[in-house]
1. Evaluate the following for PHE567: is it touching a Gly at 6+ places or on another chain (Cβ under 6 Å) and part of a helix (DSSP H, G or I)?
2. Scan segment 158-172 and report the pairs whose first residue is under 16 Å from LEU271 (Cα atoms) and whose second residue is of a type outside the set (D, E, K, R) and surrounded by fewer than 22 Cβ atoms within 10 Å (Cβ to Cβ), with Cβ atoms within less than 7 Å and a gap of 6+ or a chain change.
3. Of the residues GLU624, GLU611, which is charged (D, E, K, R), farther than 23 Å from PRO588 by Cα, assigned to a loop (DSSP other than H, G, I, E, B) and without any contact (Cβ under 8 Å) to a residue 40 or more places away in the chain?
4. Any residue at all in segment 522-541 that is under 27 Å from ASP417 (Cβ atoms), open to solvent by 20 Å² or more (accessible area, probe 1.4 Å), part of a loop (DSSP other than H, G, I, E, B) and at pLDDT 85 or above?
5. Hey, among the residues in segment 635-644 that are in contact with a Phe, Trp or Tyr (Cβ under 7 Å, 6 or more places away or on another chain) and part of a helix (DSSP H, G or I), which one's most open to solvent (accessible area, probe 1.4 Å)?
6. Touching a residue at least 12 places away in the same chain (Cβ under 8 Å), open to solvent by less than 10 Å² (accessible area, probe 1.4 Å), in contact with an Asp or Glu (Cβ under 8 Å, 6 or more places away or on another chain) and not aromatic (Phe, Trp, Tyr): does that describe ALA277?
7. Only residues in segment 434-459 that are closer than 29 Å to ASN509 by Cα and open to solvent by 50 Å² or more (accessible area, probe 1.4 Å) count as the first member; pair them with residues that are assigned to a helix (DSSP H, G or I) and of a type in the set (D, E, K, R), Cβ under 9 angstrom, at least 6 apart or cross-chain, and list the lot.
8. Taking segment 150-194 as the search range and keeping residues that are in contact with a strand residue (DSSP E or B) (Cβ under 7 Å, 6 or more places away or on another chain) and acidic (Asp, Glu), which one is modelled with the highest pLDDT?
Amino acid sequence: MNRAMLLQQLHYSIETRNWIIENGNITGLKDATIPDINDSTTWKTGLGSWRPFQLAFILMNLNSMLDANHPDREMVDLIWFPTGGGKTEAYLGLSAFTIFLKRLKDKNDAGTTVIMRYTLRLLTAQQFQRAASLICACDKIRKENEEELGTARISIGLWVGESLTPTYREDARKIFKKMELGREEDNPFVVQKCPWCGSQMGYLKDEKRNKVKGYKRKKVGTTETIIYQCDNSECNFSKTDFNLPLFVIDEDIYDNPPTLLIGTVDKFAMLTWRPEARTLFGFRDTGERLSPPELIIQDELHLISGPLGSMVGLYETMIEELCTANNVKPKIIASTATISRAKEQIDSLYGRGTQDVNIFPAQCLSAGDSFFAYEDNASTGRLYVGIFASALPSHATAQVRVLSALLQSVKSIPVADEMERDPYWTALTYFNSIRELGHAATLIRADISEYLYSMWIRKGIKGDEKRFINKDIELTSRINSMDIPEYLEELSKSYQKEKYPVDVCLATNMISVGVDIQRLGLMTVIGQPKTTSEYIQATSRVGRSKKGPGLVFTIYNCSKPRDRSHFEHFQEYHSKIYSKVEPTSVTPFSAPARERALHAILIGLIRFYSEQSRNSPKPFPASETIERVKQIIFDRVNLIDDVEYEKTLELIEGKLEYWKNELPLIYGSFGQTTNIPLMYPAGTNPPEDIKERAWSTPTSMRNVDSTCDAIVITDYINIDN
C-alpha cells in the first residue's frame, strides 16, 4: 500500500507532456522530470509522506477490512476534515490496502473490490484521473508479484452518464474513427494524459496523419473496442500486452468488471435498466459468484441531501443488498468538509444506526483543534472581502468595476519575480445561477474591456502594464461533458509559462467540490450563495497553495435583503462560519420518493436475482423471488423509517398485482417500441397508451421533467359551439 501510494503521488504530479508538432508532423515529446521512487531528489517538494490523520484513519480501519465479521465492518466512518486537507489520499490509501488484501486472500478473485461514488460529473472526471495513477501503480506491483497477486489485471472503470462516456463499443468506435479523420474534436474517452508518464493523449489538431494518441482499436468478438495504450515507448504501459488498465465504455465495464469502479450516484439508477451490470457485484453468467465489492466510498457527503439524498437512500436498499454476501455487508466510508447532524443523515442513507456512525477525527476541547489539525492564526489562509456597492446604479456595474480593478491590479502591482502574479492571474468568478452567469459573460466581452481601457487613460497605464482578457472559459452544466478535462487542464496552466493562461473563469456550483487546482488564488463571488456549506466549498477552491494565499471578494446584491443582512454581519458570520452550516434532510421512504422510484428497486432486485425474469417480465416472477425481494425492502423500511412500513407494503402489493394482471412482454427500452412495456424512462414523452399503462421509472436520481414541445395551432375550436 505504501509503495502504491508513493508511486501514485509521484506520477500524478507529472505535468502534461505535449507532443511537439512541426509542419504537421510529430518531432518529439516535451521533456519532464520523471520521478524515480529510489531517488528522492527527483520528487516534487511535499511528496513522499503521509499526514498523521491519514495514517490514523487507515490504521483505524484495518480490522474491518481484514476481518469481515469485525464489528467495525458495520460502522460508517465519516472523514470530516477541512477542504484541501488530504481526505482523498486517506481513502485512496485504504482502497489500495483493500485491493491487495483481496488478491492475497485469493489471487483469482478478480471482481470489483471498491466502489467510489461522486455527485458531479466534473468531480468524477477529475478524481478518475487521480485514481488512475494509483491503479497503474497497483497493477505494476501486481505484475512484479504475480505469484502472490495473480495474473488478472488490477483496473479502474469510469461509470457515468452517456453525455460523458460511450455506452456501447460501436458508438465509441464511430467516434474514434471520426477523430482519426480529423472530423471530431469532442473526446468522450476522458483521459487527456497518461496517468503514469504524463504523455499527452487524445486528439491532436495540428498533426496531419496520426491525429489520435494514446487510444487504440482492439478486436472484441465481432466488433471493436477502444483501449488505452501510451504512445511514449519509454512508458511502462506502452506495450500491447501491458496497456493502461482503464475502462470508460459501459460494455467493457460489464464484460471486464474493474477492480475500482468510479461513478456518479445518478448512474446507479441504471441498475434497474441494465441487468448486465450485475457483474459489478460478483455475479457471473456461469452461475459462479465472486466476492462483491467490499468497500464503498461516498465523497462530498453533504451533497447527498434533500431530494437527491432521499433518492440515493432509496436506491441504497438495492445497492447494499447486491454488495452483501453470506450476511457480510460492505464497509462504507464517507467524507466531507461541511456537514451538520451527520449521524442522522448517514443513518437515513445507509441504515446502520446512529450508534454505528463514527466521525473522524473527533473534536478536542477547542473547536479549532482535532489533535490531527489545528487552526494556525499566524499563517496565511484565505482573506474574505465584502463589497456592498450601494452608491452604484446596478449590481452589474459593481461586477464590472470590481473585476476590472482586480484584473488590472494583478498586472500593475510591482513584484520581484513575475511568477508571483500567477496565483492571482486567473479570476475565478462564482455565480449562484446560470442566468446570472450568462449576463456576466456579455460583460467580459464588452463592459469590462471598455472599463479597462478607461482605467488605462485615467491611471496613465501604458505598454506591457496593460491587462487584456485573452482567454475566458466557463465551467457550468452548459458546457459539453467532453470539454471538462480540457478546461481543467487549461486552468492548470501557469502565467509566464504559457502564452495565454486563463484570465477569467466563470463558474456555478459545478466547481464547488473536487476542483483541486493548486495555483488558483483569486475569486469573486457574485451574491451570497444559498447555503453556508456551498459558500465554504466554493471559496475553498482558492488559496490551496502556500505560494498564494486565497483572496475572496463577495460582491453583494444591494437589491436583495438577504445579501444586505450578510454584509451587515460580515465579520461575525465569517469568524465562526463552520457553525453556520445548515442541517440536511434525507427521507428515502417518504411518499414522493416511494411513488417515484420504489418500483425501480422492486424490478431491479427481481431482475438481478431471477434468471427467468432477467430479460422479460413475462412470465410473472416466481413466488420465492418475490418474497425474497419484498423482505429486503421491508427490512430496510423498518431500519430507517418504520412509520412508512404500512404504506410501503400497500404500494408494493399494488405494483405486483398490476404486474401480474398486465404481464407485459418487455421491461422497457430507450427507443420506440410496438409493445406496451412495464416501465418507460422518466422525463420522456412516450405515446399516451404507454404513459397510461407503463410505470415512469428514473434513469437518474435527480428530478427530470419531460420536455414541452410548442406547436403552431392552425385550426381553432369554436368554444361557443
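1. Working: touching a Gly at 6+ places or on another chain (Cβ under 6 Å): yes; part of a helix (DSSP H, G or I): yes.
The answer is yes for PHE567.
2. Taking only residues 6 or more apart or on different chains, the pairs are TRP159/GLY263; VAL160/GLY263.
3. Details: GLU624 fails: assigned to a loop (DSSP other than H, G, I, E, B).
After applying the criteria, what remains is GLU611.
4. No: segment 522-541 contains no residue that is under 27 Å from ASP417 (Cβ atoms), open to solvent by 20 Å² or more (accessible area, probe 1.4 Å), part of a loop (DSSP other than H, G, I, E, B) and at pLDDT 85 or above.
5. Filtering segment 635-644 for residues in contact with a Phe, Trp or Tyr (Cβ under 7 Å, 6 or more places away or on another chain) gives 637-638, 640-641, 644.
After this cut, where a residue has to be part of a helix (DSSP H, G or I) as well, the list is 637-638, 640, 644.
Values: VAL637: 0, ASN638: 80, ILE640: 32, GLU644: 38 Å².
The residue in question is ASN638.
6. Working: touching a residue at least 12 places away in the same chain (Cβ under 8 Å): yes; open to solvent by less than 10 Å² (accessible area, probe 1.4 Å): yes; in contact with an Asp or Glu (Cβ under 8 Å, 6 or more places away or on another chain): no; not aromatic (Phe, Trp, Tyr): yes.
Criteria not met by ALA277.
7. TYR451/ARG401
8. So the residue we want is GLU170.
The values are calculated or read from the model by the stated rules, or taken from the named source; none is laboratory data. Values in this document were obtained by computation on a predicted structure and should not be read as measured data. Neighbour counts run over all protein chains shown; Cβ positions are idealised from the backbone, glycine included. The protein model used for the area step is the full one, side chains on, heavy atoms only, and it has no ligands, DNA or RNA in it. Shrake-Rupley method; radii C 1.70, N 1.55, O 1.52, S 1.80 Å.
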